[in-house]
Structures are given as C-alpha cells and as structure tokens.
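Asks: After the structure tokens below, expect a handful of questions from me.
Coordinate-derived values only; no laboratory data. Keep in mind the model is a prediction, meaning the values are calculated, not measured. In this analysis, Cβ positions are derived from the backbone assuming ideal geometry, glycine residues included, and neighbour counts consider all displayed protein chains.
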Amino acid sequence: MNETLMSIKKMGIVPVVKLERAEDAEPLAKALCEGGLPCAEVTFRTDAAEEAIRIMTTKYPDMLVGAGTVLTTEQVDQAVDAGASFIVSPGLNPRIVQYCITKGIPITPGCANPSDIEQAIELGLEVVKFFPAEAAGGLNMIKAMSAPYVNMQFMPTGGINEKNLNTYLDFPKIIACGGSWMVSDALIQNKEFEKIRELTKEAVTRMLGFEVRHIGINASEESEADSIAASFEKLFGFTRNSGVSSVFAGLGIEVMKTPYLGSNGHIAIQTNYIERAIYHLEKQGVVFNRDSVKYDTNGKMAAIYLEEEIGGFAVHLLQRK
C-alpha cells in the first residue's frame, strides 16, 4: 500500500473540511494537530480550498493534507501544486484516476457498487472511498460488496460520526473513516477552534478506547506468585488461574512467577487498535520497546511495552479481543 495511505490507516480518522475563508486554514490545522489528527481532506467546493491547502502544508509541513471533491484534472494540478499529498473524488472517473496515477499521487475515488470496484481494480487501485457511506447501505453494504474482492480496502465517508466510528473501523477491510463531526461548517464559521481541538481529541480517545486491563505484580519465584494470587482469591473471590509465566487472580491481577519488566511490576492498558495506538502515542513522543512485541496465533500484534516506566511500573499496550 502507498506510504500516504498507510499513514492514513494508522491515523484511523480523516477530518473532512470545507473552508470558505483561507484565513481559517492555519488555526484549523493547529487545532487538528493539537487534537491528535494531523490530517485533513480539504474539499475543492470553495474558492478558498487551494489557498487553504497551501497554508496548511506550509505552516504545518508534517501534516497530511489532501484535496477532496476533485472533479477535473485541472483541480488535481491545483491541489498538488498547493501541497496536497492525496486526492479524493466522490465518484470513479477513470480519466481522473489515471491522471493521478501518472503523477504518482494516491487517489481514492468514490465507489458504491461492484462495477465501480472492478473499474478500480482494473486501474490498479488498492483502496477506494465508499460514499455516501450510510446512505449507500453502511457497513453491511461494505461487508457484502467486499466479499468477492479480497484485496480491496475501503475508506467510508458520509454519515460517520463518533457513535458509529468504531463499528466501521472494527471491520479489517476499512483502513480509515472520513468524517466532519469534529470540523463542522458551523464550528469553522464561528471560529470555534478550541472546540474543534477538544472534539478531535475526543474522537481519537474514543477510537483508541484505552482502558486498564490488569495490574502485574513481580514475585520472586513461583510459590510466592501462587501465594499472592491465593490471597486475592481468598479475600475477594478472584479465581486463581496459573499459566506458564504468571498466575492470574481474576482478570485484573497478574502475578509474575519470576521478576519481569518494571521495578514494581507492570500495568496493561488495552486498546481497540494497537497499531493505531502506537502511531498516535509516538506522535506524542512515546518510545516503544520493539523487542517486547508479542503476536497472537494469527501473526497480529497483541502486546508491546513502552520504553519508560511510569511510577515504577512498566506499561504495555494490549490488543482488545
């Protein structure tokens, strides 16, 4: 998959923006970046779109900015010259797609039926936009339509919000969702950029779904680990369950049979999407211990530790099952 699309996949959400005033581009970009989504699809439906893209990519060069609602090759040129790194169109126009491929810029055209998808495959695309998502049948339509096309992936847009976002992202053929609930026309028109920052942060938090899964205690050896777990079982009824390297008391307490990472033990934080969580935390400067990665039986990442301890505890992410 194209590097830009891989970044979008890790980000999970693409804010879809309509700007009537180019002067709003910089404070909007700042709000999105500070909220945790350094990305925007700027729709080419207004006269300010081209200049807005230029301002965003100049002031925030690390931001991933694309152009949406692109209908002509002239608009492709305008968007790319302004700094756009990807193109999105509402439908599949083979001429536009081929033009973008020739220029080496990724494009996700809108597809809403099998014929569109087959055209996209013929053109060599791996990802398409599903639009308008909710009106065209939503997730059930994507699941049914994607079954014969095992290698095609989707970026649904239209009617997606904070309530149904994770339902879409849970389906593995969806790389990300486009949405405008955190960047609504009203918020931008009223220059409520602090509110946009808050809604963006809430969107990322809801998507990742961080939650404490268990606390790990370092015991010196197996009999001590069993004794500690037995104490929790006796006092609180947390069922003891001995594994290869640890003894669990219920689901929330793990006692290591030999000392492991962390001066005092470890804390497991589960997340809806571990690789997206890594991406977003690394954007905040978090460093991960790549040697600590564990995989499940399907070869998917299941756990990874942060490099630094917090309060004497090692901390690791755990993929929610």
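Asks: Please go through segment 166-193 and give me each residue that is under 24 Å from Leu125 (Cα atoms) and in contact with a strand residue (DSSP E or B) (Cβ under 9 Å, 6 or more places away or on another chain), ordered by number.
Replies: Within segment 166-193, the first condition is being under 24 Å from Leu125 (Cα atoms), and the residues that meet it are 168-179.
Correct list: Tyr168, Leu169, Phe171, Pro172, Lys173, Ile174, Ile175, Ala176, Cys177, Gly178, Gly179.
Asks: Being under 24 Å from Gly124 (Cα atoms) and either free of Cβ contacts under 8 Å to residues at least 24 places away in the same chain or over 24 Å from the mean Cα position of the chain (by Cα) (or both): is that true of Pro90 here?
Replies: no
Asks: Of the residues that sit in segment 18-31 and are more than 15 Å from Ser85 (Cβ to Cβ) and among the aliphatic types (A, V, I, L, M), which one is nearest to the chain's Cα centre (by Cα)?
Replies: Restricting attention to segment 18-31, the residues satisfying the condition of being more than 15 Å from Ser85 (Cβ to Cβ) are 18-28, 30-31.
Filter again for among the aliphatic types (A, V, I, L, M), leaving 19, 22, 25, 28, 31.
Numbers: Leu19: 24, Ala22: 27, Ala25: 23, Leu28: 20, Ala31: 18 Å.
Per the stated criteria, the residue is Ala31.
Asks: Between a first residue in segment 38-53 that is closer than 21 Å to Ile8 by Cβ and touching a residue at least 40 places away in the same chain (Cβ under 8 Å) and a second residue that is in a loop (DSSP other than H, G, I, E, B) and among the acidic types (Asp, Glu), which pairs have beta carbons less than 7 Å apart while being 6 or more apart in sequence or on different chains?
Replies: Pro38/Asp62
Asks: Among (1) within 30 Å of Ala25 (Cβ to Cβ); (2) polar (S, T, N, Q); (3) out of contact with any Pro (no Cβ under 9 Å at 6 or more places or on another chain), there is one condition Ser223 misses while meeting the rest; what is its number?
Replies: (1)
Asks: Same structure again: Which of the residues that make up segment 208-251 are small (Gly, Ala, Ser) and closer than 30 Å to Glu162 by Cβ?
Replies: The answer is Gly209, and nothing else.
Asks: When segment 126-181 is examined, which residues are found to be among the hydrophobic types (A, V, I, L, M, F, W, C) and either within 15 Å of the chain's Cα centre (by Cα) or under 17 Å from Lys10 (Cβ atoms) (or both)?
Replies: Selection gives Val127, Phe154, Met155, Ile160, Leu165, Leu169, Phe171, Ile174, Ile175, Ala176, Cys177.
Asks: Do any residues in segment 283-298 that are within 16 Å of Leu318 (Cα to Cα) have Cβ atoms under 9 Å from those of residues that are among the polar types (S, T, N, Q), where the two are at least six apart or on different chains, and which pairs are they?
Replies: Once the first residue is within 16 Å of Leu318 (Cα to Cα) and sits in segment 283-298, its partners that are among the polar types (S, T, N, Q) give Asp296/Gln319.
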